[in-house]
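A.B. asks: My questions will all concern the structure given below.
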Amino acid sequence: MKNFINEFKAFILRGNVVDMAVGVVVGNSFKNISTSYLITFCWIYQYYYNGIPSWEWYYPFHYSPFISDLTIYSNDFIYPIFDHSTPIRPFEQLLAILPPWSSHCLPFQLGQLMTSIESPLIDLYPNKVKHDDNNHKYTWMGVNLIPFSDNKRIKREVWNVINNKDNFDKH
């Protein structure tokens, strides 16, 4: 037993515990990415055969997993049950997908949510988009790192603007 404790202390002092912790974190990241990707396939399948399974689901990563990662984590995969949320209304959809320079397509007060510095949603509409070329030769092979839409925040702010009848022009 004493020999085991001495070996364990030596193991810790070599920094292997840190390496092991990093490995666990990275492994969990690959598992999360792969599982989310598989859930996205299920969402698409349900969408085409049964209609929209959830208005809230989205793939929460900028990158897709390797097919080898999918094969590793697909064995533990459980088919998801989606929450049947309420549909997103048209103005909320537009706020979720339009870039800030298209704010003129919305009523003025809602467009301000995309462009005003005081807007509680301004972080969703960057003027410059980060681009990861992923060490590819051509720009088009890279990934645009845009912020993910936050539908709960968008719904709340659209509700606030529309219900402020003094400032919202409903024409």
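A.B. asks: In this structure, does Gly51 turn out to be modelled with pLDDT under 85 and open to solvent by less than 80 Å² (accessible area, probe 1.4 Å)?
C.D. replies: Against the criterion (modelled with pLDDT under 85 and open to solvent by less than 80 Å² (accessible area, probe 1.4 Å)), Gly51 does not qualify.
A.B. asks: Working only within the stretch 104-151, note down all residues that are assigned to a loop (DSSP other than H, G, I, E, B), in contact with a helix residue (DSSP H, G or I) (Cβ under 6 Å, 6 or more places away or on another chain) and in contact (Cβ under 8 Å) with a residue 40 or more places away in the chain.
C.D. replies: Result: Ser149, single match.
A.B. asks: Right, next: Condition check: hydrophobic (A, V, I, L, M, F, W, C), at pLDDT 90 or above, within 30 Å of Tyr37 (Cβ to Cβ) and surrounded by 13 or more Cβ atoms within 10 Å (Cβ to Cβ). Does Leu94 satisfy that?
C.D. replies: Judged against the criteria, Leu94 is a match.
A.B. asks: Right, another one. From Phe66, Phe61, Phe82, grab the single residue that is open to solvent by 60 Å² or more (accessible area, probe 1.4 Å), within 17 Å of the chain's Cα centre (by Cα), over 18 Å from Arg153 (Cα atoms) and of a type outside the set (S, T, N, Q). Spell out how you get there, then give the answer.
C.D. replies: Working: Phe66 fails: within 17 Å of the chain's Cα centre (by Cα); Phe82 fails: open to solvent by 60 Å² or more (accessible area, probe 1.4 Å).
None of the others qualify; the one that does is Phe61.
A.B. asks: If you go through the stretch 113-166 one residue at a time, how many are surrounded by 11 or more Cβ atoms within 10 Å (Cβ to Cβ) and not hydrophobic (A, V, I, L, M, F, W, C)? Break it down into steps so the answer makes sense when it comes.
C.D. replies: In the first step, residues of the stretch 113-166 are kept if they are surrounded by 11 or more Cβ atoms within 10 Å (Cβ to Cβ); the result is 113-116, 119-122, 124-126, 130-133, 136, 142-143, 145-151, 153-162.
Adding the requirement that they be not hydrophobic (A, V, I, L, M, F, W, C) leaves 115-116, 119-120, 125-126, 130-133, 136, 142, 147, 149-151, 153, 155-157, 160.
Of the residues in the stretch 113-166, 21 are surrounded by 11 or more Cβ atoms within 10 Å (Cβ to Cβ) and not hydrophobic (A, V, I, L, M, F, W, C).
The values are calculated or read from the model by the stated rules, or taken from the named source; none is laboratory data. Keep in mind that this is a model prediction, so the values were computed, not measured. Reconstructed Cβ throughout: ideal geometry from the backbone, glycine too, with neighbour counts over all protein chains shown. Each accessible area value is taken on the protein alone, full model and side chains, heavy atoms only, with ligands, DNA and RNA left out. Shrake-Rupley method; radii C 1.70, N 1.55, O 1.52, S 1.80 Å.
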